[in-house]
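The structure appears below as structure tokens.
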Amino acid sequence: MYRATDRPMRDLIMGIVDFREHLLSQYATRFRDLSYAQSPDALFITCADSRVVPDLLASTEPGELFTMRNVGNLIPPASAEGVSIGDVSEASAIEYAVLVLEVANIVVCGHSECGAMKAVLARAPKPEAPNLEKWLHHATAAAFRLEHEGPLDPSLTAHNQLSQLNVLVQLEHLMTYPIVRSRVNSGALHLSAWWFDIATGAMQAYDRERRTFEIIDRAVAEKLVARLGPVADPTPAPRA
Ligand SMILES: [Zn+2]
């Protein structure tokens, strides 16, 4: 007899069995090939929100995205010495991705209806959640920018306006890391600001010239790919 509170965990466990019995055979070769090494296409930094599913949204397979998730897709800035002022865990993921895995791309992806952004705007600290309160301080620069410079898209709700600006602010925080800044400036590393609209399922990319997020449809995708420059390997390995 399961209690109501057991049901979500039961679903999770049975999901493991479902994968094992119905899908694992499709991935067996891929997992075997990946077992000793990974060479992901990008470091993908996004919110912990369950509605944001990077591998589903980007049609990526195991081994293709090195993913770092936290509440609000925040990136505490680094000191002049390159040490994070707020979270060495995330800074470690950045260092590992850039220095060891040598990723050429970092995507910071925010999303609509983000609880973290709502909390930042509400300015109602929860005494029993001191860590969350402290963590959200890393989004205050985005709130300041919304208040003083206004939104990118005035038609959005305030928390979605904040969420879009927050992605841009977190990219600036990312650039405070010397290992990131030097590689971006040399052209070895490319940073992207993406934003996912949950209601429509549309992923959007920030266009610096137009100062707006635009849906990554085929035309926009071709524009973004053209800006990346020539593809180093014209015959990539087929995906599983
Ligand atoms: Zn969120």
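Throughout, read-outs are computed from the coordinates displayed, never taken from laboratory work. Quick caveat: nothing in here was measured; it's all calculated off a predicted structure. Glycine gets a Cβ as well: all are built from the backbone with ideal geometry, and neighbour counts include every protein chain shown.
Restricting attention to the range 53-68, the residues that are more than 16 Å from the ligand (Cβ to nearest atom), part of a helix (DSSP H, G or I) and either touching a residue at least 24 places away in the same chain (Cβ under 8 Å) or of a type in the set (D, E, K, R) (or both) add up to 1.
The residue of the range 31-52 that is nearest to Met117 (Cα to Cα), among those that are in contact with a Gly (Cβ under 7 Å, 6 or more places away or on another chain) and not in a loop (DSSP other than H, G, I, E, B), is Cys47. Scanning the range 158-205 for residues that are under 21 Å from His137 (Cα atoms), over 13 Å from the mean Cα position of the chain (by Cα) and either of a type in the set (A, V, I, L, M, F, W, C) or within 15 Å of the ligand (Cβ to nearest atom) (or both) yields Ala158, His159, Asn160, Gln161, Leu162, Leu165, Val169, Met175. Total residues in the range 27-52 satisfying the condition of being in contact with a Lys or Arg (Cβ under 9 Å, 6 or more places away or on another chain), in contact (Cβ under 8 Å) with a residue 24 or more places away in the chain and farther than 23 Å from Glu102 by Cβ: the figure is 3. Being assigned to a loop (DSSP other than H, G, I, E, B), farther than 23 Å from Glu113 by Cβ and not aliphatic (A, V, I, L, M) is the filter here; which residues of the range 69-90 pass it? Within the range 69-90, Pro76, Pro77, Ser79, Glu81, Gly82, Gly86, Asp87 meet the criteria.
Hey, does the range 117-137 have a residue that's of a type in the set (Val, Ile, Thr), surrounded by 13 or more Cβ atoms within 10 Å (Cβ to Cβ) and closer than 25 Å to Ala78 by Cβ? Yes. Within the range 88-145, the set of residues being aliphatic (A, V, I, L, M), farther than 24 Å from Pro178 by Cα and more than 16 Å from the ligand (Cβ to nearest atom) comprises just one member, Ala124. Every condition in (1) within 29 Å of Val120 (Cβ to Cβ); (2) touching a Leu at 6+ places or on another chain (Cβ under 9 Å); (3) surrounded by fewer than 17 Cβ atoms within 10 Å (Cβ to Cβ) holds for Val53 except the one numbered (2).
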